[in-house]
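Scroll down for the structure; my scribbles are underneath it.
Where a number appears in this text, it was derived from the coordinates with a stated rule and is not lab data. Since we're looking at a predicted model, the values are computed, not measured. Cβ coordinates were reconstructed from backbone atoms using ideal geometry, including for glycine residues, and neighbour counts include every protein chain displayed.
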Amino acid sequence: MSKYNYDKQLKIRGKAFFVKGFLPIANAVISVLPKGLDKKQVVFRNLCLNGLKLHTVTPKNLTSTPDLPCLLYIHGGGFGYKESFVQYKCEQAYSVGAGCRVVGVDYPLLPKNVYPSAIEYVLRAYEAIVEHADELGVDPTKIAVGGDSAGGSLATKLAYALAERNIVEPIGVMLVYPVVDGKQRPSMLKYNDVPFWDSVCNKKMWKWYLNGADYVSPIDRTIKPTIKNLFVETEEYDCLHDEGVALYQTLAPLAENAVLVDNKGTFHGYDVNFKADIVQQSIQKRVAFLKNIFTNQTTSIKSE
């Protein structure tokens, strides 16, 4: 019996596995696996824009619609794993639910690519979307940025980079159990034995990712983005829980609308149990956030 009170519907609880030499092998397998997208609902398209590897997920009934709202979504995976079928399925849910075009980024990964290569790639992707908005069929005034785990870290750093460079900022930022800084907060000290991602893996990730480079936590940065609409989701049994809450507490006072979804009974990567009620409820909250900001109905956003 687990010492943690996980939601009973979360049956898939894989153990954390993060080994440098395994990453290329795992990514080769992930590359040939089906994405799990429903072709009756969405159209998937790979594209290369300004030399960048991207893809789009668009509701099938909106493929020819110009000026769609856009979500630039950055997948997680410890800066080392490629996008998984779970993340593709989430992108489909966001696209269909919020009536937007999702643009995903195939950014450079560990172990060959270390900080700051991924964030530089993501910044170029954001600029390319703005530059080629007409070609992509997106409204450049309605671009949101989102990401899970390490992708949440990149989405956060993107928002900071845009503020520092005085580039037009996204209308919203959606962070799902984001990586922030690896500081030894209570949840980081406690959760070294939880599914999918624990403090042991997290320590390895930061060591490999930074590769000796200096890094200042976004919480401690002097220049902070004025994120108009902010969404942060955290999971109860996650070593990243407390840093996600700390990031929310840092950015929420600067936002016009901010929501914190602090799930109970969940762990990092719990949405691999895609059909579980708690997963579907969480996805509905993410979709509601996106719909609100894309339709300017931000008054309904509330923190939990």
Output the relative contact order of the chain, whole-number percent, from Cα pairs under 8 angstrom with separation of 6+ residues. 20
Do you know the relative contact order of the stretch 1-145, to the nearest whole percent, from alpha carbon pairs under 8 angstrom that are 6+ apart? 27
Rg to Rh for the chain: what is it, with Cα atoms only and Rh by Kirkwood? 0.93
Hey, what's the Kirkwood Rh for the stretch 101-165 if you take every pair of different alpha carbons, in angstrom? 12.5
Which residue fluctuates most in the GNM of the chain (Cα springs below 10 Å): His132, His241, His75? His132
If you average 1/r over every pair of different alpha-carbon atoms in the stretch 41-86 and take one over that average, what Kirkwood value in Å do you get? 12.5
Would you report the distance distribution of C-alpha pairs in the stretch 136-197 as whole percents per 10 angstrom bin, up to the bin with the largest distance? 20, 40, 25, 12, 3
With a 10 Å radius around each residue's Cβ, average the other Cβ atoms per peptide and rank 86-92, 199-205, 15-21, 249-255, highest first. 86-92, 199-205, 249-255, 15-21
Could you work out the mean projected area of the convex hull around the alpha carbons of the stretch 7-121, in square nanometres to one decimal? 8.9
Test of the criteria: in the stretch 111-153, which trypsin sites (Lys or Arg not before Pro) are in a DSSP loop and have at most 14 other Cβ atoms within 10 angstrom of their Cβ? Lys112
Volume of the Cα convex hull of the stretch 35-180, divided per residue and given in Å³: 98
Once you compute Rg and the Kirkwood Rh from C-alpha atoms, what is the Rg to Rh ratio for the stretch 95-238? 0.97
Considering only DSSP beta bridges where both residues belong to the chain, give the percentage that are antiparallel (nearest 5). 30
Cα-only Debye scattering, the stretch 1-68: base-10 log of I(q)/I(0) at q = 0.11, 0.26 Å⁻¹: -0.56, -1.16
Cα-Cα over 18 Å: which of Lys183/Lys204; Lys183/Lys285; Lys89/Lys112; Lys39/Lys89; Lys15/Lys190; Lys15/Lys285? Lys183/Lys285; Lys89/Lys112; Lys15/Lys285
Please compute the net charge surrounding Glu135, taking Lys and Arg as +1 and Asp and Glu as -1 over other residues with Cβ under 15 Å from its Cβ. -3
Under 14 Å from Lys60, Cα to Cα: aspartates and glutamates that are on another chain or at least 8 residues apart: Asp38, Glu91
How far is the Cα center of the stretch 34-101 from the Cα center of the stretch 202-235, in Å? 24
Dimensionless Rg ratio for the stretch 180-282, taking C-alpha atoms and the 2.2 N^0.38 Å reference: 1.15
Counting only C-alpha contacts under 8 Å and six or more residues apart, can you give the relative contact order of the stretch 167-274 as a whole percent? 37
